[in-house]
1. Give me log10 I(q)/I(0) at q = 0.12, 0.18 Å⁻¹ for the stretch A:89-166, Debye formula, one equal scatterer per alpha-carbon, no solvent.
2. Given only helices, namely DSSP H runs of n ≥ 4 each adding -39500 (n - 2.57), what is the per-residue ellipticity at 222 nm of chain A, to the nearest 500 deg cm²/dmol?
3. In nm to one decimal, list the spacings between the B:Arg102 label point and its equivalents in the other copies, with label points set 7 Å along Cα to Cβ, shortest first.
4. So what's the net charge close to B:Val89: Lys and Arg +1, Asp and Glu -1, counting the other residues with Cβ under 11 Å from its Cβ?
5. So how far apart, in nm, are the two label points at A:Lys124 and A:Asp88 if each is 7 Å from Cα heading toward Cβ?
6. If contacts are Cα pairs under 8 angstrom and at least 6 residues apart, what is the relative contact order of chain A in percent?
7. Could you state the orientation-averaged shadow area of the convex hull built on the Cα atoms of the protein assembly as shown, in nm² to one decimal?
8. From the gyration tensor of the Cα coordinates in the stretch B:3-85, what semi-axes in whole Å does the equivalent ellipsoid have, largest first, with each one equal to sqrt(5λ)?
There are 2 protein chains.
Amino acid sequence: MEFEEAKTKFITTWGSLGSLWGINKAMAQIHALLMISPEPLSMEEIMEELQISRGNTSMNLRQLMDWGIVFKENKMGERKEYFTSEKDVQELARQIAKERSRRELQPTIKVLKEVSNIKTDGSKKSEELIKQTKALHELASTMDTFMNKLVHKEQNWMTKTLLKLIK
Amino acid sequence: MEFEEAKTKFITTWGSLGSLWGINKAMAQIHALLMISPEPLSMEEIMEELQISRGNTSMNLRQLMDWGIVFKENKMGERKEYFTSEKDVQELARQIAKERSRRELQPTIKVLKEVSNIKTDGSKKSEELIKQTKALHELASTMDTFMNKLVHKEQNWMTKTLLKLIK
DNA sequence: TTAAACTTTCAAAAAATATTGAAAGTTTAT
DNA sequence: ATAAACTTTCAATATTTTTTGAAAGTTTAA
């Protein structure tokens, strides 16, 4: 496999992986492209490379910036805006963990807490609802705490810890 | 909040959470319903409760069984099939970790390995592609190993370990 | 202030995904 | 063998999500 094929394969794979965890294909592909680009890219270059429209590029770049994994960069003396991604994969993982906790886990935990706190009417059904949502609440909270620890630890903590665990 | 409201809220929330990580709404709602149902439910009952068609119910139940988190159950002397979910949340988490590893992580790892093994043509671009995909490969492998450990450990290991870690 | 160079927005179109429902399939009882 | 009771399949339809592209917006330079 030579460079162009490998590049395409990486971008394509990353793109479809993305759609599996809730970010769309274009967004994941833009991220993949920036991830392996040694230099910042302009909107024009991204559109060209991925064959997507200007509007699409603009909106998805914005979302990637909201996720905190892509940044604007200005080249001296140039009007055009350039974009780079977070290149450190540890930092990338940390940022994703942080955002997913905020967007998905925390709202779910809130609902589980509310639901599990209803008072039982004594029926088997309501007992089961309470029991199961309590258990899910506990599980989700544990995971959230874990992810938040990830976010705040120093460089490399994750790999070290995970490797230690699996021994 | 009383029982019916709580139940609806739980099913709805679980449904939209599901769609955020790649399983569809109906599938997640069926799972939620079974999760809090003290008794196994028939297809008829599921259709009725969630207001979805027979075909939809049938297909999604099958998928849930493929994920290993819903089971068929036969009541003595009854022709109809009944369904229950895995009720133990630890086991649920374990099963989901296992399936996600198999379906998403492992194929991605395979591609990352291939791509990161191309030989450089000396250009900055190909150096960067190799460097970044190697780093992602390492990260993804670490996570996969971690998830696989989860899957094979005894009851409760996850919570204990995570709690220990975050101290 | 004007205009060129660029980016963003958003309604419409396209594409992808989920859902329906009726026909086909299966199993069990008689 | 037949029919009743059930489940599965799948082409058609509906819904949701993504993408487009042109108009509106913004910034900079002269």
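No lab work stands behind these numbers, since they all come straight from the coordinates. All of these numbers come straight from a predicted model, not from anything done at the bench. Quick reminder, even Gly has a Cβ in these numbers, built from the backbone with ideal geometry, and neighbours come from all protein chains shown.
1. Log10 I(q)/I(0), no solvent term: -0.46, -0.75.
2. -21500 deg cm²/dmol
3. 3.5
4. The answer is 0.
5. 5.6 nm
6. Value for chain A: 15 percent.
7. Answer in nm², one decimal: 20.9.
8. 20, 15, 11
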